[in-house]
1. Can you tally the lysine pairs in the chain where the Cα-Cα distance is under 26 Å and the two residues are eight or more apart, or on different chains?
2. Using a Gaussian network for the chain with springs between C-alpha atoms less than 10 Å apart, which of these wobbles most: ILE68, ILE43, ILE21?
3. Using 0.36 nm per residue, how much length does the chain from GLN98 to HIS44 gain when fully extended, once their Cα-Cα distance is taken away?
4. Relative contact order for the chain: what percent, with Cα pairs under 8 Å and sequence separation of 6 or more?
5. Taking one equal scatterer on every alpha-carbon of region 41-138, how large is log10 of I(q)/I(0) by Debye at q = 0.16 1/Å?
6. No partner Cβ under 4.7 angstrom, meaning no disulfide-compatible partner by this rule: which Cys of the chain qualify?
7. What would the Debye equation give as log₁₀ I(q)/I(0) for region 20-84 at q = 0.15, 0.17 Å⁻¹, counting only Cα atoms as equal point scatterers?
8. Can you tell which of ASN75, ASN109, ASN49 shows the greatest fluctuation in a Gaussian network model of the chain with Cα springs below 10 Å?
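None of the figures in this text is laboratory data; all of them are computed from the coordinates on show. Because the structure is a prediction, the values reported are computed rather than measured. Here the Cβ positions follow ideal geometry from the backbone for every residue, glycine too, while neighbour counts run over all protein chains shown.
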Amino acid sequence: MKQPPKWLYKVVQFMQGRYGIMDSLNKFLISCGLILIFLTIFIHAGWLNLLGLLFLIATYWRVFSRKIYQRARENGKFQQWTAWLTKPISRRYQEWQQRKQYRFFTCKNCHQRIRIPKGKGKIQITCPTCRHQFRART
């Protein structure tokens, strides 16, 4: 079996104890930075290029940081801040994937989303949250 090159051992040794994770905040920073740098091709504004480079530098700073818990806490706050956007999109995507097996209803009383298997005909549905009952066709 072939031995890995020496430089790979040095990289692994250098990265020990560092954050080194491409989490959602790092992905967001990289994509924003690259978009801003790409925009400078069409919009000749030097400040956009500088801002994009600052985003990329911040990403590398986070990756090579030794303060792992602070970087994880920053990512958690970022995910909480963006949850209002990502949760409805992921919920709709899951409903789209399950559309052949299930029907989705919304309770008129508490607005809870209820998933019912398809092909049951006209049934009485009881909301698991508020116990409101309504009839619907699956």
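1. Lysine pairs meeting the criterion: 18.
2. Comparing ILE68, ILE43, ILE21 in the GNM, the peak value goes to ILE43.
3. Numbers: separation 54, 0.36 × 54 = 19.44 nm, distance 4.62 nm.
Contour length minus Cα-Cα distance gives 14.8 nm.
4. Values: 127 pairs, mean separation 23.1, N = 138.
Once normalised by length, the contact order is 17 percent.
5. Cα-only, vacuum Debye calculation for region 41-138: -0.83.
6. CYS32
7. -0.51, -0.62
8. Result for the chain, Cα springs under 10 Å: ASN109 fluctuates most.
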